[in-house]
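For reference, the structure discussed in these notes is given below.
The values are calculated or read from the model by the stated rules, or taken from the named source; none is laboratory data. Remember, predicted model here, so these are calculated numbers, not experimental data. Cβ atoms come from the backbone with ideal geometry, glycine included; neighbour counts cover every protein chain shown.
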Amino acid sequence: MKDDQTLGERLRESGISRRGFLKFCATTASMMALPPSMVPAIAAALETARRPSVIWLSFQECTGCTESLTRSHAPTVEGLIFDHISLDYHHTLQAASGEAAEEARRIAMEENHGNYLLIVDGSIPQKDGGVYSTIAGITNLAMLEEVAEGAAAIVAIGTCAAYGGLPHANPNPTGAASVSDIISGKPILNVSGCPPIPTVITGVLAHYLTFGTLPELDHLGRPKAFFGNSIHDRCYRRPFYERGQFAETFDDEGARKGWCLFKLGCKGPTTYNACATEKWNQHTSFPIQAGHGCIGCSEPDFWDRGGFYDALSVPTDDAGNILLGAAVAGAAAGAAVGLMNRKKQNTDTRAHEKVTVDDLNGD
Amino acid sequence: MRTIENDDDLRAALTQMDVTDQRHVAALFVEDVLEYTHDSRLRHALSVVIRADASEAELKAAHRTARAAALDAHARCGADSDWSDQSPYFVARAAEAATGKNAKGTSSTLAWLVAMQCRMATCCLASETDQESEENTCSAQRRIAAEFINSRKDNGHE
Amino acid sequence: MSSASIEKGIRMIREQIDAPIASFFSSCVHCGMCADACHFYVQTGDPRYTPINKVEPMRRIWEQEYTLWGRIKATLGLSRKVNAQDFEAWEELVYDGCSLCGRCSLVCPVGNDISDMIRKIREGFAVAGHAPEGLVGATRRAVEIGSPMGVRLSALEAQIRHLKHDTGLDAPLDQAGADYLVLLSSMEIMNFPEYLEAIARIMQQAGKTWTISSRAFEATNSGVQIGVSDIAAELVQRVVDAAEELGVKTVISPECGHAYTAIRFEGPNLIGRPYNFRVQHILEVLEEFRQQGLLKTKGKETDRMTFHDPCQLVRKGGVIEAPRNLLGMVTDSFVEMRDHAEMNWCCGGGGGVSANERADELKSKAFNQKKSQLDELGVDTLVTACANCRITLEEGLERNDMDIPVIGLTEMLADHLVEEPGKGGET
Amino acid sequence: MSRLQDIPIQVLDGQGGQSETGNVAPVLHEIRHALARLASTGESTSIDLSAIPFAPGDEAALFGLLGQGEVSAVVNALGETRIEETTYPGVWLVTHRSPQETVLSTQIEITRTPSLLSTPAEDLSDALDALDHYLSSPTAQESA
Amino acid sequence: MTADAFLSFARGTGFDWALTIFVFGMLLRLFEVLSLGRKPDLSEGRGSGVQGGLKTIVTRTLPRAAVFAREPVRIINGYVFHIGFLAVLFLYEPHIELFDAKMGLSWPGLPTGIINALGVLTIFSLLLALALRLTSPVLKFLSTGSDYLAWLVTLLPVLTGYLAYNHMLLPYTAMLAVHILSVELLMVVAPFTKLTHMFSFMLARWYQGYRAGHRGVES
């Protein structure tokens, strides 16, 4: 089943004209959020791109990421790409199951040892030996370590795989961890988001397929092309923020006019993702454009960053009881010190001897 | 011959005089009680007043010295002081009034004011019982005033 | 000087600290505005005379003794205890460099009553043996003889005789049931006896009965100036006893600054109870007579004239309108100095400074503030209503070759009284 | 399978042409500078609109402002690509669609001739072979 | 400690502790002051102390002309950074949102551009204030370490707030965290320095105003 044709040869073989190929490169560049000037480089790279083997492991996840990828109505280009990657193992998508599926995975690993691409979605439970999530009796933890060993690179799709996501949220009963918590020594690329934007997933894969390398990453291991700017930086409602025009509730006059949602808890300023430009469902919209604040789903532990509807400037804990506790303590300490002061005053007054002129003898 | 029997006459007589005459009589009053003070500056100051041809500047200088003398002789706030030691202060105050612009304004004449100050100087020295010394000063003042007016009349002044 | 008195000094300062002082120390932001209001700093340029700096020892005692944070710092050795050197260094600031004029309190943006704090820190300095010699002597004489300048009743009796002899008016001693009990300050008895004559003639024209108590004729209160409340209480008690014994309705505080605030405002709190008589400053009395038409004057001064407001009268006593209205009766050429009434500049001699010989040089420097006001205005005569201000002003003017006579307002009014023909007056 | 756009919902877009966010102006300025560069150095530029944060209605407003020029062309390769010249010569609106007519990418090319229209060099030899092949074939000789 | 965790700490536990220490400290100081009590004024007054106290709390905000003439720059500068600081704190929409969320009180704010400008003004005014404190003989003489500490903890929130709003220096997440931490530093330091004057000034003006009102003197 192995095929050593390059992508370029396969395209021509399936009757794609030069212009078709050029269009393909232009749209791929756009998809990879690379500047159009990169088209020639992409064309050259695609000519020689090998058809990599891909193993997709889904661990403790909600299949949202897979749903997002497959639902992406990826236009022919994605379809084309996926025609050209041999998705050797995806236990949700593949027909085989049980022992046959595992057998297919082992073969793929042996044949492409050292240069297959491992894609992971879902977090990896570690508590009690990782027993909380297993495939065919093998814990996610063991499987990840086994498969990762021969992988050329690992792509962690979704905030769960990248940073632990929902399972990792307080109190993290299953001891869920992210890929980079477990694997080190392998290039790991985090495509966070809950779920990530479909075109971002395909964009990242396209980049790896095209150039065979990982794109430039930020300090959290995310491709800068998509995660370099915060939502706030690229948000079309930014002019309203600058003018101080904020929606106070979800249906007030400001909200209808499309004003900034800062006061409704939008986490755009502290969240790095491409939602504001890539947008979702073929550039149709993204949460803020739909009138709901960004909940910061591409940032680590975004579940534990305080209320989704508390503005960034609002402290996360309930100040009520803190205030009360501090006030009571303050009053108590105050009363105590007050009593000591009062006692000192009384002793002084009692000890007061009437001052007479003789007491004023100068030195 | 004009004689002055009581203070009302004295006061009336003094108010008729012009300022220079009043200064002159005032200086005489002060000289009468000058013995109570050892401050020699006053004697010189008074002499200026008596000289008819004293210039404005000389008068001003005399006034300043008299004022300085008064300040030097005043009882310092909070200091241990004795009423009987105050007579030099009042003599100096009298000299100051005699040589300077009359601070008190129109109603009391300059000379009458000086007379009062001189009597206060004597009052300091008068012990509880001795009333005469103050009376002597009053009668002396009446005499000085009368003599001055009469001497004036002799020289054709009216 | 045993450390005992330093300990007594510290404990006495601690005794003075109350909620207002605690709130003042909690609010001071070291903004320096009180310095710009204080004539001692303005004229010397020495930052030590910044008013809030004068109570630094009290601040340290308050912080170390009455706040938790302060106690912790003290135990950790982060803040130094007040010691003998502090008393030594601060004596000159607390006494010589402060006339208790209250101007700093009036400008403090956070509302600290700094002059009141200085008045209270003196309580500690006095019992610590760090009060100026002059003030100690004056206070001793005030307690033992009855007047800070050692004036005895005989001097007053001599003046009463003189008054009778010259004007025929009586200054009745110990007259029960009189309308007014008149008090005199030693400065007036010794240096400005004309005040007594003025009172006699005014009362006679106003048709009011008045008296002087032979046991308590002294108005001033050295206890308040040196800062010993026990002695101040004793001095006030004498006046109160005399007034209540004679059953007078009103006690008149004479032309003096601190005497008025001492008797009227500090007195009741010193002796611990309100009086059953009223206390008025002589200017308040004259203003009342004016309003009731009892004060008839004639003639108007033509000199260009201004009024020096005694600090205790305006800032601490609130007697501002009275002198203006009274001056209106006797002059049409009255002009105000630039900073007057509640924002007047102090003559430099109040608050015990003039009784403290060591402070003379500082006092004369402070006077330059008043000098610049007078230079700017250019007047022929300076009127005031406090004997100590009057002497301090005269000294200052004389030292600066400024030929401006200084006169008391009451005396000037008396000179303008309309002569009632045949009704007493000149025999 | 119905497409998203077919779902009948009426989107309340901004008040007509000029959007309230003011995001259109910067793009026009960018086009202007690209034109200046093209004029002076001949260097062509391509702006990928998918990377621009447009509010709803912004894009329509931009296209409205750019307007329609003289040339419009269709390239049928991997789906339809429409290339239209705007009222400003040298400024081209390129819209790539997939065989399913979904918009893949919208770009504004500021150039003398859009890259996709000019014939790729490698195709010339193929074209030559194809024509030679046709000419040497019997049908060609009969009709010549 | 990623920027996110840093921000979460600042918005969470950091703020809790800062608020606790602030409330505890200020209340303790209030009790310490009030516990010392005040003897009633037995003297015969002319007016009402209460009215005098309330009046002074308001009128003492303006300076006396005589003193203003001597140090106009220092006094005007004082108003600039006080009004600037309070305007930025209470009229900036996100801050109003904070008070609204925590206390349910809300009020209209100023456009963000104006707040930004006020922020700059306040920063320069505070820098000028430091310069004045370092150059004036009186202020240099009076100032202790705690004065300069109070100055620093007052400047930092405005400076970091400006940097955060304008996305300068650090990435926004980190800069916002630094800003919130600098506010917490101010809250923690306040009860132990002259910053207690933010509340005690009313008490101090009240006491002096009360005495003046009772006596019927100008205050």
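For the residues E:LEU169, E:LEU127, E:LEU156, the requirement of being surrounded by fewer than 20 Cβ atoms within 10 Å (Cβ to Cβ), more than 17 Å from the chain's Cα centre (by Cα) and more than 28 Å from C:TYR49 (Cβ to Cβ) singles out E:LEU169. Scanning the range E:116-173 for residues that are more than 20 Å from E:PHE85 (Cα to Cα) and among the aromatic types (Phe, Trp, Tyr) yields E:PHE141, E:TYR172. Counting residues in the range C:305-312 that are part of a loop (DSSP other than H, G, I, E, B) and touching an Asp or Glu at 6+ places or on another chain (Cβ under 9 Å) gives one or more. Small (Gly, Ala, Ser), under 20 Å from C:ALA359 (Cβ atoms), assigned to a helix (DSSP H, G or I) and within 11 Å of chain E (Cβ to nearest Cβ): does that describe C:SER115? Spelling it out, C:SER115 is indeed small (Gly, Ala, Ser), under 20 Å from C:ALA359 (Cβ atoms), assigned to a helix (DSSP H, G or I) and within 11 Å of chain E (Cβ to nearest Cβ).
Within the range A:149-179, the set of residues being at pLDDT 90 or above, within 13 Å of A:LEU118 (Cβ to Cβ) and not in a strand (DSSP E or B) comprises A:ALA161, A:VAL179. State yes or no: is C:PRO172 in the same structural domain as C:GLN237 (by TED's automatic domain parsing), touching a His at 6+ places or on another chain (Cβ under 9 Å) and within 28 Å of C:LEU294 (Cα to Cα)? No: the conditions fail for C:PRO172. A search for C-beta distances below 8 Å between a residue of the range E:35-62 that is at positive phi and any residue that is of a type in the set (A, V, I, L, M), counting only pairs 6+ apart in sequence or on different chains, returns E:GLY37/C:ALA19. Just checking, does the range E:190-200 include any residue being at pLDDT below 95 and not in a helix (DSSP H, G or I)? Checking the range E:190-200: not a single residue is at pLDDT below 95 and not in a helix (DSSP H, G or I). Among the residues of the range D:110-141, those that are within 8 Å of another protein chain (Cβ to nearest Cβ) and either surrounded by 11 or more Cβ atoms within 10 Å (Cβ to Cβ) or of a type in the set (A, V, I, L, M) (or both) comprise D:SER115, D:LEU116, D:PRO120, D:ASP123.
The residue of the range D:94-104 that is surrounded by the fewest Cβ atoms within 10 Å (Cβ to Cβ), among those that are out of contact with any Leu (no Cβ under 6 Å at 6 or more places or on another chain) and at pLDDT 85 or above, is D:THR95. When A:PRO36 is tested against (1) modelled with pLDDT of 80 or more; (2) closer than 26 Å to D:GLU122 by Cα, only condition (1) is not met.
Considered as a group, the residues in the range A:309-324 that are of a type outside the set (A, V, I, L, M) and either in a loop (DSSP other than H, G, I, E, B) or at the interface with chain E (Cβ under 7 Å from one of its Cβ atoms) (or both) include one that is surrounded by the fewest Cβ atoms within 10 Å (Cβ to Cβ), and that residue is A:ASP318.
Of all residues in the range A:180-216, those being part of a helix (DSSP H, G or I), under 14 Å from the mean Cα position of the chain (by Cα) and either at pLDDT 90 or above or outside the structural domain of A:ASP128 (by TED's automatic domain parsing) (or both) number 1. When the range E:160-188 is filtered for residues that are part of a helix (DSSP H, G or I) and either of a type in the set (S, T, N, Q) or within 14 Å of chain C (Cβ to nearest Cβ) (or both), the ones remaining, listed by number, are E:THR160, E:THR173, E:SER182, E:VAL188. Remark: pairs (first residue in the range A:217-233, at the interface with another protein chain (Cβ under 9 Å from one of its Cβ atoms); second residue part of a strand (DSSP E or B); Cβ separation under 6 Å; 6+ apart in sequence or on different chains) = A:SER230/A:TYR272. Within the range C:6-19, is even one residue closer than 19 Å to C:PRO109 by Cβ, at the interface with chain E (Cβ under 7 Å from one of its Cβ atoms) and not in a loop (DSSP other than H, G, I, E, B)? No; the residues of the range C:6-19 include none that is closer than 19 Å to C:PRO109 by Cβ, at the interface with chain E (Cβ under 7 Å from one of its Cβ atoms) and not in a loop (DSSP other than H, G, I, E, B). Please indicate, with yes or no, whether at least one residue in the range B:68-88 is at the interface with chain C (Cβ under 9 Å from one of its Cβ atoms), at pLDDT below 90 and farther than 30 Å from C:VAL136 by Cα. No, because not a single residue in the range B:68-88 is at the interface with chain C (Cβ under 9 Å from one of its Cβ atoms), at pLDDT below 90 and farther than 30 Å from C:VAL136 by Cα.
Screening E:PRO157, E:PRO191, E:PRO137 for residues that are without any contact (Cβ under 8 Å) to a residue 40 or more places away in the chain and within 10 Å of chain C (Cβ to nearest Cβ) leaves exactly one candidate, E:PRO137. Suppose we keep only residues that are among the aliphatic types (A, V, I, L, M) and part of a helix (DSSP H, G or I) within the range A:341-363. Which one would you say is farthest from the other protein chains (Cβ to nearest Cβ)? Looking at residues that are among the aliphatic types (A, V, I, L, M) and part of a helix (DSSP H, G or I), I get A:ALA351.
Going through (1) farther than 19 Å from D:PRO56 by Cβ; (2) free of Cβ contacts under 8 Å to residues at least 24 places away in the same chain; (3) of a type outside the set (Val, Ile, Thr) one by one, A:PHE240 falls short only on (1). Answer yes if at least one residue in the range C:338-360 is outside any loop (DSSP other than H, G, I, E, B), basic (Lys, Arg), touching a helix residue (DSSP H, G or I) at 6+ places or on another chain (Cβ under 9 Å) and within 14 Å of chain B (Cβ to nearest Cβ), and no otherwise. Yes, the range C:338-360 contains a residue that is outside any loop (DSSP other than H, G, I, E, B), basic (Lys, Arg), touching a helix residue (DSSP H, G or I) at 6+ places or on another chain (Cβ under 9 Å) and within 14 Å of chain B (Cβ to nearest Cβ). Filtering the range C:369-398 to residues that are at the interface with another protein chain (Cβ under 10 Å from one of its Cβ atoms), acidic (Asp, Glu) and either within 14 Å of C:MET337 (Cβ to Cβ) or not in a helix (DSSP H, G or I) (or both) leaves only C:ASP380. Criterion applied to A:LEU69, A:LEU22 was being within 14 Å of another protein chain (Cβ to nearest Cβ) and either modelled with pLDDT of 65 or more or in a helix (DSSP H, G or I) (or both), and the one residue passing it is A:LEU22.
Residue by residue, here is whether (1) more than 11 Å from the chain's Cα centre (by Cα); (2) touching a residue at least 40 places away in the same chain (Cβ under 8 Å); (3) assigned to a loop (DSSP other than H, G, I, E, B) holds:
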| position | (1), (2), (3) |
| --- | --- |
| D:THR87 | yes, no, yes |
| D:THR95 | no, no, no |
| D:GLU101 | yes, no, yes |
| D:GLU109 | no, yes, no |
| D:ASP123 | yes, no, no |
| D:ASP129 | yes, no, no |
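Looking across C:SER154, C:SER213, one residue alone is surrounded by fewer than 21 Cβ atoms within 10 Å (Cβ to Cβ) and either over 28 Å from C:GLN16 (Cβ atoms) or modelled with pLDDT under 90 (or both). It is C:SER154. Annotation note: of A:GLY338, A:GLY265, A:GLY306, the sole residue that is facing chain E (nearest Cβ under 10 Å), buried (at least 17 other Cβ atoms within 10 Å of the Cβ) and modelled with pLDDT of 95 or more is A:GLY338. Residues in the range C:180-207 that are aliphatic (A, V, I, L, M) and outside any helix (DSSP H, G or I): 4 in all.
I'm trying to understand the selection: among the residues of the range A:167-179, which are of a type in the set (A, V, I, L, M, F, W, C) and within 15 Å of the chain's Cα centre (by Cα)?
A:ALA169, A:ALA177, A:VAL179
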